[in-house]
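Right, one structure below, let's go through it.
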Number of protein chains: 2
Amino acid sequence: MTVLEKINSPADLKRLSMAELTVLAEEMRAALIRKVDMTGGHMGPNLGMIEATIALHYVFDAPSDKIVFDVSHQSYPHKMLTGRREAFTNPEKYGSVSGYTNPAESPYDLFTIGHTATSVSLACGLAKARDLQGGKENVIAVIGDGSLSGGEAYEGLNNAAVLGSNMIIVVNDNDMSIAANHGGLYHNLKLLRETNGQADCNFFKAMGFDYRYIDDGHDLENLIAVFRSVQNINHPVVVHMHTIKGKGLAVAERNKEQFHWIVPGGVEAAESGQVPVMAEDYNSITRDFLTRKYREDHRVVVISPATPGATGLTPAFREQAGIHYADVGIAEEHAVAFSSGIAAGGGKPVMMVLSSFIQRAYDQLSQDLALNRNPATILVFWGGLSGADATHLGSFDIPLISNIPNMVYLAPTTKEEYLAMLDWSMSQTEHPVAIRVPFGDVVSSGRPDTTNYGLLNRFKVMEKGKDVAILGLGNFFGLAHTVCQRLADEAGIRATLINPVYMTGLDRDLLNELKADHRLVVTLEDGQLDGGFGEKIARFYGHSDMKVLTFGGRKEFTDRMPESVLYERNHLTPEQIVSDIQSVLKRG
Amino acid sequence: MTVLEKINSPADLKRLSMAELTVLAEEMRAALIRKVDMTGGHMGPNLGMIEATIALHYVFDAPSDKIVFDVSHQSYPHKMLTGRREAFTNPEKYGSVSGYTNPAESPYDLFTIGHTATSVSLACGLAKARDLQGGKENVIAVIGDGSLSGGEAYEGLNNAAVLGSNMIIVVNDNDMSIAANHGGLYHNLKLLRETNGQADCNFFKAMGFDYRYIDDGHDLENLIAVFRSVQNINHPVVVHMHTIKGKGLAVAERNKEQFHWIVPGGVEAAESGQVPVMAEDYNSITRDFLTRKYREDHRVVVISPATPGATGLTPAFREQAGIHYADVGIAEEHAVAFSSGIAAGGGKPVMMVLSSFIQRAYDQLSQDLALNRNPATILVFWGGLSGADATHLGSFDIPLISNIPNMVYLAPTTKEEYLAMLDWSMSQTEHPVAIRVPFGDVVSSGRPDTTNYGLLNRFKVMEKGKDVAILGLGNFFGLAHTVCQRLADEAGIRATLINPVYMTGLDRDLLNELKADHRLVVTLEDGQLDGGFGEKIARFYGHSDMKVLTFGGRKEFTDRMPESVLYERNHLTPEQIVSDIQSVLKRG
């Protein structure tokens, strides 16, 4: 029996000797590498947190003591020690846990978390609730140095510091965000690491915290000693520990960014030096286009809120782009306002962001950007209904962005449209523009797109029919096309097929013209229906005789729901759509 | 001729002697007090910025050098010196400028700004655009200590520090937010003030900035000397100056919070010691209710993101509430996540926020709160179409909140409903709840509301009629009632009158029942139509024979548009609504 096999809860951990704890760490590391290489997932962050997690659960008494993990992509060791060991040791149970903390999984998990910079505020709330109720438990937030660039983390620190009671903030400093860190704060963290935490100039002390430094965040004995020293402390304290991202897996320690998150088989691939041959995708298309652009025009700058890899901005691109590339850290609010300021100053900013993260900057899109009508370009990646974790869904960006006045939000359906929109957006000076980068395989029309996108809100009629008009938005244009074909083949209906292009405005002339020889308009959108595109069409026709059928996602947080299930439940298969259309036609 | 009368642009200022500059400051102060007391507006912030603004425009060369004011409620002196003098000296022209910077007014104003903590990021963008284009101008952000609690400011600072080129951040530290400051940072600012900027522990240095301290932010000579010392600096620097909020108006210096913003006549009223007799309003109703609640239940805590006064949390309430009140600074993101954490820990948080500011926390509402289904209560004040500045509109909270899964967003129509909803929300443990606090005069039904709001999405039929059903949401229920009466009186139509109550879900049974003997459903909502309530009704009925007419605001940023104009242009007068209803009925 391995040491790990004895651990069914943190209580089992507390009975181990230091030698056994050391063995446990080795076993956990081996299991973690094995699993993550097989399933894919966050490798580096978890390898770096093994010893600290053991020490936390050794010293503190969870779930009575409360531990909140920021982003929680480093919570795999925590899961291994809190009753979910088999999800990491038994391949048959690998799928039994999510990649983030989840209260539905375990009482040791206090929140469902996947976005950055939230842990300190959430922990602050737990501490306040404790104080109101006269409790005495420890409240601990574990936050990475990368997450510290987020404004919410700072707002939380500012308040945590004056809480006046027990609050332990463990800063897991591995000198990395997803990619390299960016920002003034990181110079201070470096100074603190270099001075063994002794430098006078100390961000955490300036914010009002008591402070401890741990030079080796993989030294179990020292971790335990320091955690013991702050256990039951009566005021807020920061424990700043230096860890190594990817610790114990040589290839991950060498390639920290690449091993932040890996696909299945990523370890072997990297160790054997395989360079994956990438087919053209929307990431490479975007990168190639922007490379050409910044070489032609010195005003161009590409901005990433710390997710360059996910949006195709390779290390080579970043290096070559020089001043034409700015990683602002995990700081979407700043990224949007910064882009607006650049545009106001005559620059050509292109911000690249994932759908799930642009929602962190609603007020900046509204106030800093749209109200000021500055011509920045925002590229929204990964928008659409998907089987992602509940924390990383791409179904909300249409309601979020399209209801902001002055914004132009575009839904390209092909590579050519996408590039023409991007080109237009970067050349115009009147509108803040967002483009929902297509998701999935590259679709090419094979011919250049010469549309003038400055003539706003002109939908494209792709096939002219009658009775039924189908509006297929962005990613769902292909689905609309399929539905059209089926209607023709199966029911002899020659429907009109429309590419709406614009999510922020209606082609009122076209929609009115349809009234002449159509009686049903169908909308298909790859996102949540509530607040989305179809509702605008329904409102437009509300007091006319035109019938409207809207297809898209219902209002819900799905969690790793397979796409086939998701589509089926939302009536998004071609069969279901055709059937729904036919039943409306029969009724009316 | 006064000195001020000679100033038509900053160029005129640069010709003045130090003695004349001093006289100018006096004249500006007198004019400012006179105007603001007559028109209402931000008094304290502007009185504190007179000398610093003179010094900025004396040293720097705007608009070539670029000055960005945070929130910009302290930009009145800037307006006086940049061609808009008469808006402060000539009562007939008092209305000719807005209370915030506005590029449409002047080339010296670079952005329309009214929300907090944006200046550093916007200025960073201007600096980046300058560097891309090889410019040499100075870029200056002016930010108050209160604004420094906002996460966006921190994200901006973190990036400004590593910009590597000219960037001057003037921190206007008057030791006040709107009300008192809260947070660890403020202890550091105090330490810096007390040590004349010499303390080793220095937040700005820890963030990576060069640093200057000005002990007396009203000493023109010193201000000019320090600004000269950083002019054309080749790296980012913070100039931390200590000013006095309300400087030069004794009653404002004594009552800093009260004089942050005053109503017309506020100076005389305060000087004569008048205590305004306040009628019952939704602020006092809320305050009285929450006072009773926290006295009954020790788990209750009221949270304000630095706007206690606007939501009725008087200094007396705050003092008496003790641990049951938490001002978190201008930090809406933290406030929402903190509330979620408190609820998760068994507390009873009630966060009070203005409609225009809740949009600063969309991601926190979604991820930290709604996804976790924690039973926090969010009270949204000032929601509705209004004649406010473009930066403080209350028309976006329905699209923002009601499209987030798991949220329950309620629209009370009377005082009794409001209190019953609040009571229900604080007693239940299943839902994150937001309540749109009614805006305007208190409406009382005269009888207690015994509705069980836990039975979600049950609309209330207030009058049963036929043919036409009118759904009057929240603030607009009264309007719906008026329309009903007019329809009866003028057209003999006895309409069904419905109070929908819920903005986050539909009463599908009721809506289906209406199909039997109604042919038109009318929705009235006090907010933007795009993404709002009426669109959901239109979608629901889209493929049926029911006609739907939606009334609300169009998608736009209005700016101090009189309500009568706003209503007229949105077809929101009873006459217009009745007429629109009749023309649909005639057609169909």
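Each reported figure results from applying straightforward, stated rules to the coordinates on display, with no laboratory input. Quick caveat: nothing in here was measured; it's all calculated off a predicted structure. Ideal geometry is used to build each Cβ from the backbone, glycine not excepted, and the neighbour counts take in all protein chains shown.
Structure values in brief
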| read-out | value |
| --- | --- |
| Cut-off under 5 Å, modelled amide H: who pairs with B:I470 long-range | B:T496, B:L497, B:I498, B:V522 |
| Dimensions (Å) - the range A:25-95, Cα atoms, principal axes, largest first | 33, 22, 21 |
| Added length on full extension, which subtracts the Cα-Cα distance from 0.36 nm per residue, B:N457 to B:T482 | 6.6 nm |
| Likely footprinting exposure, B:E155, A:E5, A:E535, fewest C-beta neighbours within 10 Å first | A:E5, A:E535, B:E155 |
| Rel. contact order, % - alpha carbon contacts under 8 angstrom, at least six apart, chain A | 10 percent |
| Three principal axis lengths of the range A:270-309 [C-alpha, angstrom, descending] | 41, 22, 16 |
| Over the range A:388-459, relative contact order from alpha-carbon pairs under 8 Å, at least 6 apart, % | 33 percent |
| Proxy reagent accessibility, fewest Cβ within 10 Å first, across A:V433, B:V483 | A:V433, B:V483 |
| Amide N of the range A:240-260 lying under 16 Å from the label point, which is placed 7 angstrom from the Cα of A:D219 along Cα→Cβ | A:240-244 |
| Nm distances between copies for A:P448, ranked from closest, using label points 7 Å along Cα→Cβ | 7.5 |
| Neighbour-count ranking [beta-carbon atoms within 10 angstrom, fewest first] of B:I358, B:I224, A:I342 | B:I224, B:I358, A:I342 |
| Semi-axes of the equivalent ellipsoid for the range B:460-587, Cα gyration tensor, largest first, Å | 22, 17, 13 |
| Chain B, helix-only ellipticity at 222 nm - DSSP H runs n ≥ 4, -39,500 (n - 2.57), divided by all residues, nearest 500 | -11000 deg cm²/dmol |
| Cα-based Rg of the range B:110-186 normalised by 2.2 N^0.38 Å, two decimals | 1.14 |
| The range A:510-579 - Kirkwood radius from inverse mean 1/r over Cα pairs (Å) | 13.2 Å |
| For the protein assembly as shown, alpha-carbon Rg and Dmax in angstrom | 29.6, 95 |
| Relative pair counts by distance (%), Cα atoms of the range A:57-98, 5 Å bins | 6, 21, 27, 24, 14, 6, 1 |
| Relative counts (whole %) of C-alpha pair distances in chain A, using bins that are 10 Å wide | 3, 16, 24, 23, 18, 10, 4, 1, 0 |
| Length-normalised contact order for the range B:4-267 - Cα pairs under 8 Å, 6+ apart - percent | 25 percent |
| Percentage of interatomic Cα-Cα distances in the range B:282-436 larger than 22 Å | 33 percent |
| Largest to smallest principal axis extent of the C-alpha atoms in the range A:125-165, angstrom | 33, 16, 12 |
| Residue of chain B whose Cβ sits closest to the axis mapping B onto A, with distance in whole Å | B:G151, 1 |
| Values of log10 I(q)/I(0), in the order q = 0.10, 0.13 Å⁻¹, for the range B:4-267 under a Debye, Cα-only, solvent-free model | -0.44, -0.78 |
| Scaled radius of gyration (Cα, divided by 2.2 N^0.38 Å) that the range A:417-462 gives | 1.21 |
| Radius of gyration and maximum dimension Dmax of the range B:1-122, Cα, Å | 13.3, 41 |
| Kyte-Doolittle at least -0.5, axis length at least 27 Å by Cα - qualifying DSSP helices, chain B | B:18-39 |
